[in-house]
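The values are calculated or read from the model by the stated rules, or taken from the named source; none is laboratory data. As the structure is a computational prediction, the values presented were derived from the model and not from experiment. Using ideal geometry, Cβ is built from the backbone for each residue, glycine included, and neighbour counts are taken over all protein chains shown.
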Amino acid sequence: MHGRRMKFVVPIALAAMALTACSSGGGNPDSSNPPNASPSPSAAQASPSASAAPVTDDPCQVVTAQEASTLAGVTFGPGLEETTGSASDPGKRCTYGAHTKNVFFVQLGHGADASSAAAQWDKERAEVDSFVSDQLPNGLSLKESVSDVPGLADKATVVTGSAAISGQTVAATSIFLLKGASFVAFGDLVANAPAPTPADMETQAAVSLARVP
């Protein structure tokens, strides 16, 4: 599994990043990438028919720029695709709206097999609440809700929340999915505005899961 952790709390780190960018005056909700970003070529070619996209290992195609834009209520350009984890245990992430007030991420990872991935999921799911309370950045006040979603993927969890730091607020909705040995997560983090609803994220998840190997 990517980084040997499924990172249910990825939104916390990204929230801090988003708020830091906002506090420094960086970013515009309609700007998806800083000038030196390397966009994913496939994301730039996303189209309204993307729901019929074939199976892919490209996180910018698991949730396309158009789909992310619809969920976030802004217009994103091509996503920034990055390799994460390690050489022996890699993962991939696509970020739309990097360094702006509205950041949307898509994360992919793979376990050795379905049973070991499920065991790792259960272990980390049980640790979510304590991890959040123990590892929050200084000055970050967080209200969050974690809910499992039956009937969606092999395992699915939605995390919603809001945080306050440096006089600003950030709202986040993220969904975490396990399909066989594949882990998928995507979420939106927005400063001083509402995040997508869990229902909207679950609808997108049903589409995106068909693209995941």
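The table below lists the values:
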| read-out | value |
| --- | --- |
| Any pair with Cβ under 6 angstrom, 6 or more apart, that starts in the range 106-123 at a residue that is farther than 30 Å from residue 76 by Cβ and ends at one that is at pLDDT below 85 | 120/1 |
| Residues satisfying the stated conditions in the range 160-185, i.e. closer than 17 Å to residue 143 by Cβ, part of a strand (DSSP E or B) and not hydroxyl-bearing (Ser, Thr, Tyr) | 161, 163, 164, 165, 168, 170, 171, 172 |
| Subset tally (residues that are surrounded by 15 or more Cβ atoms within 10 Å (Cβ to Cβ), under 15 Å from residue 102 (Cβ atoms) and either polar (S, T, N, Q) or touching a residue at least 40 places away in the same chain (Cβ under 8 Å) (or both)) for the range 169-192 | 11 |
| So residue 20, is it surrounded by fewer than 18 Cβ atoms within 10 Å (Cβ to Cβ), part of a strand (DSSP E or B) and modelled with pLDDT under 95 | no |
| Test: residue in the range 121-142 that is closer than 19 Å to residue 204 by Cβ, modelled with pLDDT under 90 and touching a helix residue (DSSP H, G or I) at 6+ places or on another chain (Cβ under 7 Å) | no |
| All positions within the range 143-159 that are surrounded by fewer than 15 Cβ atoms within 10 Å (Cβ to Cβ) and not in a loop (DSSP other than H, G, I, E, B) | 143, 145, 147, 148 |
